[in-house]
């Protein structure tokens with residue numbers, strides 16, 4: 001009888017151990033799923049650092065490529081890079097998202113910065129809270145940012161300028177400006193305002209200086225585009241090409257403006273009448289170069305820019321040092337090399 005009771009106790013104890021082990025395994029599995037991101041839309045590893053990436057146009061094709069390059073490089077380094085604000089229902093400004101990222105106590109911030117005291121104050125505040133901030137595309141040089149990642153703005157201006165000069169010479173040579181006042185070629189450069197882009201101002205200066213020798217043969221002007229909604233670029237381009245002072249050449253300093261330009265030129269039967277120099281090397285833009293709708297495009301490798309920013313931020317987080325300026329090479333794509341670019345992804 002006693003022996004039977006002992007066996008019963010042993011079996012009960014064994015059963016209890018099994019139950020507790022089972023509960024432990026379940027709890028461990030749930031924690032692992034939460035920690036590694038399993039059971040969600042995306043699988044995530046355990047990362048050493050959480051970096052917020054903030055763009056002025058988070059759904060723009062160029063910025064999406066920048067983020068993809070940063071995300072891949074961050075994953076290789078052991079850093080999770082979040083396209084900050086992407087999943088929020090409402091639309092927020094760069095300043096608001098930067099404020100949220102600081103409040104979230106992320107480990108680092110990569111931001112396409114706008115000019116102004118507010119963005120400077122936020123960057124300085126982040127630095128005081130030991131959150132390093134790196135700027136990309138547009139800079140706030142008088143702030144506490146740790147580094148700036150971009151193409152050389154003046155070099156970009158020179159690339160644009162060389163293409164403008166070439167188009168002016170072609171039009172003068174082929175007599176495409178019959179009847180125009182003084183025979184001048186009208187060149188309109190689309191420049192973003194609102195959230196001021198200092199980089200674009202430097203690019204415009206480079207274009208102006210590069211084409212100074214042709215000032216008697218051309219009229220160069222900057223056309224402002226405000227970014228308060230989705231359709232400002234398209235509306236500005238449409239008004240330009242349908243207006244009395246129709247430009248002969250549109251110079252676009254953003255991917256969005258390039259798309260608006262070639263769509264409007266095609267829609268209003270202006271192909272051959274208005275030339276376009278674009279920005280970025282998306283598949284659609286490259287195809288328009290092959291068709292002859294876009295003369296050429298100036299491109300910074302967006303994924304390389306993201307990769308450079310991510311690796312620079314990781315270096316700062318691990319070594320407390322990074323170069324103040326991290327350059328990304330730019331390329332000029334024309335009808336002569338577009339096929340080679342499409343095959344290789346770079347020149």
Exercise. If we scan region 289-308, do we find a residue that is modelled with pLDDT of 95 or more, part of a helix (DSSP H, G or I), closer than 25 Å to residue 138 by Cα and out of contact with any helix residue (DSSP H, G or I) (no Cβ under 6 Å at 6 or more places or on another chain)?
Worked result: yes
For this session: Show the residue pairs that are 6+ apart or on different chains and have beta-carbon atoms under 6 Å apart, the first residue being within region 319-332 and without any contact (Cβ under 8 Å) to a residue 60 or more places away in the chain, the second being surrounded by fewer than 19 Cβ atoms within 10 Å (Cβ to Cβ).
Result: 331/347
Exercise. Is there a residue in region 311-331 that is over 30 Å from residue 129 (Cβ atoms), in a helix (DSSP H, G or I) and modelled with pLDDT under 95?
Worked result: no
For this session: Say whether the condition of being surrounded by fewer than 21 Cβ atoms within 10 Å (Cβ to Cβ) and under 27 Å from residue 300 (Cα atoms) is met by at least one residue in region 125-138.
Result: no
Problem set entry | Considering residues of region 265-314 that are free of Cβ contacts under 8 Å to residues at least 24 places away in the same chain and within 17 Å of residue 187 (Cα to Cα) only, the residue surrounded by the fewest Cβ atoms within 10 Å (Cβ to Cβ) | 272
Exercise. Which one of these is more than 16 Å from residue 309 (Cα to Cα) and at pLDDT 95 or above: 81, 119, 109, 102?
Worked result: 102
Exercise. Has region 267-284 got at least one residue that is in a helix (DSSP H, G or I), modelled with pLDDT of 90 or more and either farther than 19 Å from residue 61 by Cβ or in the same structural domain as residue 142 (by TED's automatic domain parsing) (or both)?
Worked result: yes
For this session: Look through region 94-124, keep the residues that are part of a loop (DSSP other than H, G, I, E, B) and surrounded by 15 or more Cβ atoms within 10 Å (Cβ to Cβ), and return whichever of them is nearest to the chain's Cα centre (by Cα).
Result: 112
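The values are calculated or read from the model by the stated rules, or taken from the named source; none is laboratory data. What you are looking at is a predicted structure, and each value in this text was computed from that prediction instead of being measured. Positions of Cβ are backbone-derived with ideal geometry, glycine not excepted, and every protein chain shown enters the neighbour counts.
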